[in-house]
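Undergrad: Dropping the structure in here first, questions after.
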Amino acid sequence: TQPTLEERFVGCLLGLAVGDALGAHFEGQPTAFMERKYNSARQLLHSPPPGEIWYTDDTQMAIGIAETLVRCGRIENSVLCERFAENYLPQRGYGRGARYVLEAMRAGHDHQYLAETLFPGGSFGNGAAMRVAPVGLMFRDDHPTVWREAHASSLPTHVHPLGIEGAQVLALAVALASTADELDRESFFETIAERCTADEYSGPLRRAARLDHVRDLGLFGNGIEATASVVTAIAAFGLTPESYGETIGNAILLGGDTDTIAAMAGAISGAYLGVGAIPSELLAKLEDRKQGRTYIDQLARDLYRAYEDS
Ligand code: 8NA
Ligand code: MG
Ligand code: MG
Ligand code: MG
């Protein structure tokens, strides 16, 4: 049976958080280490780390975006910055540039100038893409709006065209996944690729449509640059659309930026399959204080209601 749309909203946000929190255990590990430790995604999923799993900046910032959409119905820059700054906890593990920008935001300093000058041309890290999934849900019926609002959601920290387009690509993947009843892989990848302006995305997206073995997933990259992680996450989903666990497991087995790639892949998979597809043992391990599991579940339902009312 198909998940309801509300279950897809919840699946997307909790799928993002669980991918992030499980992936965070392996962040920065070389691929070879992961391959020695685990034979398969299934094995990784069946022997998760003991105790609670804690999410990182990826989920924390996705929460800020969802809160903004619930409150405003669109990306309102000042509200988004307020949510990012208020939610900011350095121990969640933010990117180097993001940390400077968010600390300036929090202190009431000129954070936009920093975002534009810290790196030449702005940041092309995957930080805009890792948090953008709620935008894909909210504007799922209207691709040009997904593209425009994903752009707006990037600007507080990521002004580099490749950082922005990475977020646009990921948001559109979420929008399409939340709409599909049975994934047509070819048209899924083509619909995203044809909206891209950067060959760095359209080329790999078209190759990902033809990916047929998990051993080739790593060819799309496992780094913190948006161009080395966004298509990887979408490709992990495209390889095993029927399984949330295999999707995030395969993403994590790549090593490198595991929390972020699994967060992005988990958000798409959850939007497609609904919250019921997230293994309950994993979901039960997700931290549940303050803005934890219960909060994220409710936030996703609030976002669903905001979507229905729009
Ligand atoms: P960001 O904007 O600081 O970008 C991340 C990194 O990408 C930067 O620190 C640079 O090394 C590099 N970079 C980005 N743009 C440029 C450029 N124009 N020229 C040269 N180098 C550039 O942060 P972000 O929000 O994009 O990063 C997201 C990542 O940070 C995610 O993986 C997330 O999980 C987090 N992260 C956390 C830890 C941790 O401390 N646990 C480690 C790595 C990443
Ligand atoms: Mg992180
Ligand atoms: Mg990361
Ligand atoms: Mg309506």
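Undergrad: I'm checking my understanding of the structure. Among residues of segment 165-201 that are of a type in the set (Val, Ile, Thr) and part of a helix (DSSP H, G or I), which one is farthest from LEU219 (Cα to Cα)?
TA: Within segment 165-201, the first condition is being of a type in the set (Val, Ile, Thr), and the residues that meet it are 169, 174, 179, 191-192, 197.
Subsequent filtering for residues that are part of a helix (DSSP H, G or I) retains 169, 174, 179, 191-192.
Working: VAL169: 18, VAL174: 22, THR179: 28, THR191: 22, ILE192: 19 Å.
Checked segment 165-201; the qualifying residue farthest from LEU219 (Cα to Cα) is THR179.
For (1) under 24 Å from ARG74 (Cα atoms); (2) in contact with a Cys (Cβ under 9 Å, 6 or more places away or on another chain); (3) of a type in the set (S, T, N, Q), each residue gets a yes or a no:
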site	(1), (2), (3)
ALA265	yes, no, no
ALA271	yes, yes, no
ALA277	no, no, no
ALA284	no, no, no
GLU287	no, no, no
GLY292	yes, no, no
ALA300	yes, yes, no
GLU308	yes, no, no
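Undergrad: Here is a further query. Filtering segment 256-310 down to residues that are away from ligand 2 (no atom under 16 Å from the Cβ) and of a type in the set (Ser, Thr, Tyr), which residue is surrounded by the most Cβ atoms within 10 Å (Cβ to Cβ)?
TA: Selected residue: SER269.
Undergrad: Residues being among the hydrophobic types (A, V, I, L, M, F, W, C) and either under 21 Å from the mean Cα position of the chain (by Cα) or more than 18 Å from ASP257 (Cα to Cα) (or both): count how many of those fall in segment 31-53. Lay out the reasoning, then the answer.
TA: So the first thing to find is which residues in segment 31-53 are among the hydrophobic types (A, V, I, L, M, F, W, C), and the list is 32-34, 41, 44-45, 53.
Pick out the ones that are also either under 21 Å from the mean Cα position of the chain (by Cα) or more than 18 Å from ASP257 (Cα to Cα) (or both) and you get 41, 44-45, 53.
Number of matching residues: 4.
Undergrad: So, one more: If you scan segment 73-100, which residues turn out to be under 24 Å from SER229 (Cα atoms) and over 20 Å from the mean Cα position of the chain (by Cα)?
TA: Result: TYR100, single match.
Undergrad: Follow-up question, since we're still on this one. For the subset of segment 252-267 comprising residues that are farther than 19 Å from VAL174 by Cβ and touching a helix residue (DSSP H, G or I) at 6+ places or on another chain (Cβ under 6 Å), which member is farthest from ligand 1 (Cβ to nearest atom)? Can you show your working first?
TA: First pass over segment 252-267, keeping only residues farther than 19 Å from VAL174 by Cβ: 252-256, 258.
If we keep only those that are touching a helix residue (DSSP H, G or I) at 6+ places or on another chain (Cβ under 6 Å) as well, we get 252-255, 258.
Details: ILE252: 13, LEU253: 17, LEU254: 13, GLY255: 13, THR258: 9 Å.
The extreme case among them is LEU253.
Undergrad: Evaluate segment 232-250: report whether one residue or more is at pLDDT below 95, surrounded by fewer than 21 Cβ atoms within 10 Å (Cβ to Cβ) and in a loop (DSSP other than H, G, I, E, B). Before the answer, list the steps.
TA: Going through segment 232-250, the residues at pLDDT below 95 turn out to be none.
There is no residue in segment 232-250 that is at pLDDT below 95, surrounded by fewer than 21 Cβ atoms within 10 Å (Cβ to Cβ) and in a loop (DSSP other than H, G, I, E, B).
Undergrad: Applying the selection to segment 83-120, what residues are within 16 Å of ligand 3 (Cβ to nearest atom) and among the basic types (Lys, Arg)?
TA: Across segment 83-120, the qualifying residues are ARG92, ARG96, ARG99.
Undergrad: Are any of the residues in segment 32-39 of a type in the set (Phe, Trp, Tyr), outside any loop (DSSP other than H, G, I, E, B) and more than 16 Å from ligand 4 (Cβ to nearest atom)? Steps first, please.
TA: Initially, segment 32-39 is screened for residues of a type in the set (Phe, Trp, Tyr), giving 33, 38.
In the following step, the residues that additionally are outside any loop (DSSP other than H, G, I, E, B) were identified as 33.
Subsequent filtering for residues that are more than 16 Å from ligand 4 (Cβ to nearest atom) retains 33.
Within segment 32-39 (the criterion being of a type in the set (Phe, Trp, Tyr), outside any loop (DSSP other than H, G, I, E, B) and more than 16 Å from ligand 4 (Cβ to nearest atom)), the answer is yes, since at least one residue qualifies.
Undergrad: Okay, moving on. Within segment 96-142, which residues are over 13 Å from HIS158 (Cβ atoms), among the charged types (D, E, K, R) and crowded, with 19+ Cβ neighbours inside 10 Å?
TA: ARG140
Undergrad: What number of residues within segment 3-28 are at positive phi and β-branched (Val, Ile, Thr)? Spell out how you get there, then give the answer.
TA: To start, the set of residues in segment 3-28 that are at positive phi comprises 28.
In the following step, the residues that additionally are β-branched (Val, Ile, Thr) were identified as none.
Going through segment 3-28 one residue at a time, the tally reaches 0.
Undergrad: I've got another one for you. Only residues in segment 53-70 that are more than 13 Å from ligand 2 (Cβ to nearest atom) count as the first member; pair them with residues that are among the charged types (D, E, K, R), Cβ under 6 angstrom, at least 6 apart or cross-chain, and list the lot.
TA: That search, which allows pairs on different chains as well, returns GLY64/ARG83; ILE65/ARG131; GLU67/ARG83; THR68/ARG83; VAL70/ASP302.
Undergrad: Just give me the residues in segment 251-310 being polar (S, T, N, Q) and either within 16 Å of ligand 4 (Cβ to nearest atom) or in contact with a His (Cβ under 6 Å, 6 or more places away or on another chain) (or both), in sequence order. Reasoning before the result, please.
TA: If we filter segment 251-310 for residues that are polar (S, T, N, Q), which is where we start, we get 258, 260, 269, 280, 291, 294, 298, 310.
Selection gives SER310 alone.
Undergrad: Over 21 Å from ASP58 (Cβ atoms) and among the hydrophobic types (A, V, I, L, M, F, W, C): which single residue out of LEU211, LEU162, LEU102, LEU172 fits that description?
TA: On the way: LEU162 fails: over 21 Å from ASP58 (Cβ atoms); LEU102 fails: over 21 Å from ASP58 (Cβ atoms); LEU172 fails: over 21 Å from ASP58 (Cβ atoms).
Answer to the check: LEU211.
Undergrad: Suppose we filter segment 56-101 for residues that are among the hydrophobic types (A, V, I, L, M, F, W, C), in a helix (DSSP H, G or I) and more than 16 Å from MET130 (Cα to Cα); how many remain?
TA: Going through segment 56-101, the residues among the hydrophobic types (A, V, I, L, M, F, W, C) turn out to be 61-63, 65-66, 69-70, 72, 75, 79-81, 84-85, 89, 98, 101.
From the residues that got through so far, the ones that are in a helix (DSSP H, G or I) too are 61-63, 65-66, 69-70, 72, 79-81, 84-85, 98, 101.
When the remaining residues are screened for being more than 16 Å from MET130 (Cα to Cα), the result is 69-70, 72, 79, 81, 85, 101.
Going through segment 56-101 one residue at a time, the tally reaches 7.
The values are calculated or read from the model by the stated rules, or taken from the named source; none is laboratory data. These numbers were taken from a predicted model, which means no experiment stands behind them. All Cβ positions, glycine included, derive from the backbone under ideal geometry; neighbour counts span all protein chains shown.
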